[in-house]
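J.: Pasting in a structure now, in structure tokens, and then I'll have a few things to ask.
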Amino acid sequence: MQQKGMSPDDFTFVPVLNACASLRALEAGRKVHEEIIQSGCEADVFVGNSLVDMYSKCGSIEDACKVFNNLPSRDVVTWNAMILGHVKCGQGQKALELFHQMQQKDVFVGSSLVDMYAKCGSMEDAERVFNKMLSRNVVTWTTMILGYVKCGQGSKALELFQQMQQEVAVVGNSLIDMYAKCGSIEDAKRVFNKLPSRDVVSWNVMIFGHVKYGQGQKALELFRQMQEEGVQPAPLTLVGVPNACASVVALEEGRRTHDWVIKSGWDSNVFVGNSLIDMYAKCGSLEDALKVFNKMPSRDVVTWNAMIGGYAIHGHGKEALKQFEQMREEGVQPDDTTFVCLLSACSHSGLVDEGLRFYSSMSTVYMISADFQHYTCMVDLLGRAGRLHEAENMVLAMPYKPQVAAWMALLGACRIHGNVEMGERVAKQVLELEPENAASYVLLSNLYTATGNRDLSENIERQRKERSVKKHPGRTWIEVDNEVHTFVVDDQHHPQMIEIHAELKRLSGLMHDAGYVPDTNFVLHDVEEEEKVFNLCHHSEKLAIAFGLINSAPGTPLCIRKNLRVCRDCHTSTKFISKVVGRAIMVRDANRFHHFQDGECSCRDYW
């Protein structure tokens with residue numbers, strides 16, 4: 001570079017000085033220093049840091065000190081390089097003096113000083129450095145403990161070891177929490193498994209992390225493991241575990257958790273009570289949810305919201321409205337979530353006028369500004385009722401850019417009411433916001449199919465595949481004999497699959513005799529009608545229902561949870577199954593509960 005006549009700058013000098021340091025090339029380093037002075041870069045903090053580091057590593061601590069003292073500004077790297085230089089040259093006292101002058105005590109430098117003093121047997125000096133460190137890593141702790149052991153101070157070593165376990169657990173818990181919140185559950189697991197000791201906080205963070213990312217079954221396994229290891233749950237644990245039960249509709253597991261709550265004396269805790277109400281409602285037992293609600297010694301707005309929301313997802317709109325009136329009578333001020341629950345209740349029950357009144361009262365009576373959730377609920381409410389243009393105007397009138405959820409609610413309404421023109425327009429909006437939104441392709445494809453546009457439907461499906469947009473696979477959970485079983489479409493891995501297929505064949509015959517006709521309109525595969533019927537028979541919810549029937553006593557109600565919206569054929573066939581086998585079947589899909597009994601559904605086909 002120099003031979004070509006190019007002048008070096010501060011960026012050039014730093015790596016060249018690092019090269020001198022690694023080669024211990026002191027004379028070459030001094031020549032580079034001369035060029036730095038000539039170029040006027042000596043005052044640069046990065047160049048100065050590299051000079052201090054180079055002279056220290058090359059054994060010339062005097063030159064390092066000269067550079068250090070002449071620097072107009074220093075950062076933590078400057079101090080680190082100088083202190084470590086004194087440590088390397090055996091000038092511990094000078095290193096300690098600089099460490100005390102340092103405003104930001106760096107953990108790496110502190111650990112090096114502790115290590116130096118511990119190896120020399122000067123534990124008092126090691127303690128002084130250790131106690132001044134604001135943060136410590138495992139190396140710092142280990143060095144101090146081994147230093148005490150080496151000096152024959154076993155009691156101090158043990159005391160420090162116990163202290164280390166507590167502090168390392170705090171750091172570990174923070175790491176687990178960070179990974180869990182970022183969605184890196186596998187990284188959270190790795191930290192969790194490496195912790196020398198795990199406290200209740202460690203378990204809580206892991207349980208909540210799994211619940212947040214849809215791994216409720218794993219969260220329940222962790223709770224059982226936690227109890228086996230003798231860790232006593234805290235109130236926060238008993239908030240997280242019911243959430244896990246709710247996510248996989250594990251009602252019996254939830255009831256056992258409730259028993260544990262009562263035995264532990266936490267049943268009067270409002271946060272735990274709120275979680276239990278939510279769990280029972282989402283597991284299909286509004287009766288149990290109401291019992292918990294009525295027994296709570298004190299209730300906050302979240303308690304009322306949980307109960308109103310419970311009525312909403314079960315399609316009991318009028319009961320939700322009565323609950324709200326009772327809430328007002330008791331003087332509890334509603335919040336924004338209250339109105340999300342109310343508008344959702346109105347939407348699922350077709351209470352359009354009531355929903356419009358609640359929406360209006362938010363700003364005029366309760367001084368609550370509508371956010372995207374309220375707008376989405378209103379779009380859903382109007383769209384389900386067939387008032388598509390009002391719903392579209394609601395989206396366009398939002399005071400901020402509409403989110404995908406609002407457009408998807410409108411697209412779903414277009415599919416229900418067969419409005420192809422608006423559906424195409426809305427689907428375009430969705431794909432501009434989220435090009436990989438598989439649900440928009442599915443809804444538009446189904447809209448074309450429902451309106452007889454089979455070619456357009458297949459074209460949309462082809463576009464989805466060409467763009468490598470993957471559909472979320474249907475998944476269904478069912479709890480039988482205290483164990484949660486999971487099924488996917490056309491599942492072949494369950495150990496009882498032969499018996500399940502035999503039960504499906506039996507049900508098919510009974511349903512056919514009762515007048516059931518499979519709805520193959522939305523089966524997009526270019527196959528024969530018989531194969532279309534076979535594909536419909538192996539949707540995940542049908543597999544789960546068949547499994548539940550062969551593994552439970554006659555007359556026992558079944559409750560299943562599905563991650564997607566229930567399809568039209570599964571909705572129809574479940575009505576027939578409930579009639580021909582004489583069972584009550586509860587299905588919680590992505591939107592709401594469906595209670596099937598005697599060939600009828602609680603949604604009255606309004607979903």
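The values are calculated or read from the model by the stated rules, or taken from the named source; none is laboratory data. Owing to the predicted nature of the structure, the values given are computational and were not obtained by experimental measurement. Note that each Cβ is placed from the backbone with ideal geometry, even for glycine, and that neighbours are counted across all protein chains shown. We work out accessible area using only protein heavy atoms, side chains counted, and drop any ligands, DNA or RNA first. Shrake-Rupley method; radii C 1.70, N 1.55, O 1.52, S 1.80 Å.
J.: Scan the stretch 1-17 residue by residue and report those that are under 49 Å from the mean Cα position of the chain (by Cα), open to solvent by less than 80 Å² (accessible area, probe 1.4 Å) and modelled with pLDDT under 90. So that I can check it myself, show each step before the final result.
T.: Step one: list which residues in the stretch 1-17 are under 49 Å from the mean Cα position of the chain (by Cα), which gives 9-17.
Next, from what is left, pick out any that are open to solvent by less than 80 Å² (accessible area, probe 1.4 Å): 9-10, 12-17.
Scanning the stretch 1-17 gives 9, 10.
J.: Tally time: how many residues in the stretch 460-487 are open to solvent by 40 Å² or more (accessible area, probe 1.4 Å), farther than 23 Å from residue 409 by Cα, modelled with pLDDT of 85 or more and of a type outside the set (Lys, Arg)?
T.: Within the stretch 460-487, residues that are open to solvent by 40 Å² or more (accessible area, probe 1.4 Å), farther than 23 Å from residue 409 by Cα, modelled with pLDDT of 85 or more and of a type outside the set (Lys, Arg) number 5.
J.: Separate question: Let me confirm something: among 519, 526, which residue is in a loop (DSSP other than H, G, I, E, B), at pLDDT below 85 and over 20 Å from residue 575 (Cβ atoms)? Talk me through it step by step, then tell me what you get.
T.: Values: 519 fails: over 20 Å from residue 575 (Cβ atoms).
That would be 526, the only listed residue that is in a loop (DSSP other than H, G, I, E, B), at pLDDT below 85 and over 20 Å from residue 575 (Cβ atoms).
J.: Can I ask one more? Under 8 Å by Cβ, and 6 or more places apart or on different chains, what pairs join a residue from the stretch 423-448 that is in contact (Cβ under 8 Å) with a residue 60 or more places away in the chain with one that is among the hydrophobic types (A, V, I, L, M, F, W, C) and open to solvent by less than 70 Å² (accessible area, probe 1.4 Å)?
T.: Here the result reads 445/460; 445/524; 446/522, each pair linking the stretch 423-448 to a residue that is among the hydrophobic types (A, V, I, L, M, F, W, C) and open to solvent by less than 70 Å² (accessible area, probe 1.4 Å).
J.: Still on this structure, I have one more. Would you check if residue 59 is under 22 Å from residue 24 (Cα atoms) and open to solvent by 10 Å² or more (accessible area, probe 1.4 Å)?
T.: Numbers: under 22 Å from residue 24 (Cα atoms): yes; open to solvent by 10 Å² or more (accessible area, probe 1.4 Å): yes.
For residue 59, the condition - under 22 Å from residue 24 (Cα atoms) and open to solvent by 10 Å² or more (accessible area, probe 1.4 Å) - is met.
J.: Specify the residue that is nearest to residue 563 (Cα to Cα); the eligible residues are those in the stretch 258-287 that are acidic (Asp, Glu), in a helix (DSSP H, G or I) and more than 25 Å from the chain's Cα centre (by Cα).
T.: Within the stretch 258-287, the match that is nearest to residue 563 (Cα to Cα) is 287.
J.: Right, next: Being open to solvent by less than 30 Å² (accessible area, probe 1.4 Å) and not in a helix (DSSP H, G or I) narrows it down to one residue among 41, 20; which is it?
T.: Details: 20 fails: not in a helix (DSSP H, G or I).
Going through 41, 20 in turn, just one is open to solvent by less than 30 Å² (accessible area, probe 1.4 Å) and not in a helix (DSSP H, G or I): 41.
J.: When the residues of the stretch 95-110 are filtered to those that are within 16 Å of residue 140 (Cβ to Cβ) and not in a loop (DSSP other than H, G, I, E, B), which remaining residue is modelled with the highest pLDDT? Can you show your working first?
T.: Our first condition is that a residue be within 16 Å of residue 140 (Cβ to Cβ); within the stretch 95-110, this holds for 95-96, 99, 102, 104-110.
From what is left, the residues that are not in a loop (DSSP other than H, G, I, E, B) are 95-96, 99, 107-110.
Numbers: 95: 77, 96: 73, 99: 74, 107: 65, 108: 67, 109: 68, 110: 70.
Applying the filter and picking the extreme gives 95.
J.: Mind checking which pairs have a first residue in the stretch 468-496 that is more than 30 Å from residue 435 (Cα to Cα) and a second that is among the β-branched types (Val, Ile, Thr) and surrounded by fewer than 11 Cβ atoms within 10 Å (Cβ to Cβ), Cβ under 9 Å, 6 or more apart or different chains?
T.: none
J.: On to the next question. Return the pairs, sorted by first residue and then second, in which the second residue is of a type in the set (A, V, I, L, M) and open to solvent by 10 Å² or more (accessible area, probe 1.4 Å), the first residue lies in the stretch 274-290 and is closer than 13 Å to residue 241 by Cβ, the beta carbons are less than 6 Å apart, and the residues are 6+ apart or on different chains.
T.: Sorted first by the residue in the stretch 274-290, then by its partner, the pairs are 275/239; 276/292; 278/306; 283/251.
J.: Let me ask something else. I'd like to verify a number: residues in the stretch 410-427 that are assigned to a helix (DSSP H, G or I) and open to solvent by 20 Å² or more (accessible area, probe 1.4 Å), how many?
T.: Of the stretch 410-427, the ones assigned to a helix (DSSP H, G or I) are 410-417, 420-427.
So of that shortlist, the ones also open to solvent by 20 Å² or more (accessible area, probe 1.4 Å) come out as 415-417, 420-421, 424-425.
The total comes to 7.
J.: Still on this structure: Report whether or not residue 29 is at pLDDT below 90 and open to solvent by less than 60 Å² (accessible area, probe 1.4 Å). Full working, then the answer.
T.: Details: at pLDDT below 90: no; open to solvent by less than 60 Å² (accessible area, probe 1.4 Å): yes.
Against the criterion (at pLDDT below 90 and open to solvent by less than 60 Å² (accessible area, probe 1.4 Å)), residue 29 does not qualify.
J.: Here is a follow-up. Pull up the stretch 212-248, narrow it to residues that are part of a helix (DSSP H, G or I) and among the charged types (D, E, K, R), then point me to the one that is farthest from residue 476 (Cα to Cα). Write out each step before concluding.
T.: Filtering the stretch 212-248 for residues part of a helix (DSSP H, G or I) gives 212, 216-228, 237-247.
The next check asks that each one be among the charged types (D, E, K, R); those that pass are 212, 218, 221, 224, 228.
Working: 212: 18, 218: 16, 221: 19, 224: 23, 228: 29 Å.
So the residue we want is 228.
J.: Determine if the stretch 64-76 includes at least one residue that is within 43 Å of the chain's Cα centre (by Cα), closer than 21 Å to residue 19 by Cβ, surrounded by fewer than 20 Cβ atoms within 10 Å (Cβ to Cβ) and of a type outside the set (Phe, Trp, Tyr). First the steps, then the outcome.
T.: Step one: list which residues in the stretch 64-76 are within 43 Å of the chain's Cα centre (by Cα), which gives 74-76.
From what's left, closer than 21 Å to residue 19 by Cβ: none.
Checked the stretch 64-76: no residue is within 43 Å of the chain's Cα centre (by Cα), closer than 21 Å to residue 19 by Cβ, surrounded by fewer than 20 Cβ atoms within 10 Å (Cβ to Cβ) and of a type outside the set (Phe, Trp, Tyr).
J.: Give the stretch 226-257 a look and list any residue that's within 22 Å of the chain's Cα centre (by Cα) and at positive phi, or say none.
T.: 249
J.: Could you tell me which residue of the stretch 428-459 is nearest to residue 348 (Cα to Cα), considering only residues that are among the β-branched types (Val, Ile, Thr) and open to solvent by less than 40 Å² (accessible area, probe 1.4 Å)? Walk me through how you get there before you give the answer.
T.: Here is the first cut: in the stretch 428-459, the residues among the β-branched types (Val, Ile, Thr) are 430, 442, 449, 451.
Keeping just the survivors that are open to solvent by less than 40 Å² (accessible area, probe 1.4 Å) gives 430, 449.
Details: 430: 23, 449: 25 Å.
Per the stated criteria, the residue is 430.
J.: Residue 297 is checked against (1) in contact (Cβ under 8 Å) with a residue 40 or more places away in the chain; (2) outside any helix (DSSP H, G or I) and fails just one. What number does that condition carry?
T.: For residue 297, the failing item is (1).
J.: So in the stretch 195-224, with the set limited to residues that are of a type outside the set (D, E, K, R) and more than 22 Å from residue 183 (Cβ to Cβ), which one is most open to solvent (accessible area, probe 1.4 Å)?
T.: In the first step, residues of the stretch 195-224 are kept if they are of a type outside the set (D, E, K, R); the result is 195-197, 200-211, 213-217, 219-220, 222-223.
Remaining after also requiring more than 22 Å from residue 183 (Cβ to Cβ): 196-197, 200.
Working: 196: 81, 197: 40, 200: 38 Å².
Checking each candidate, the answer is 196.
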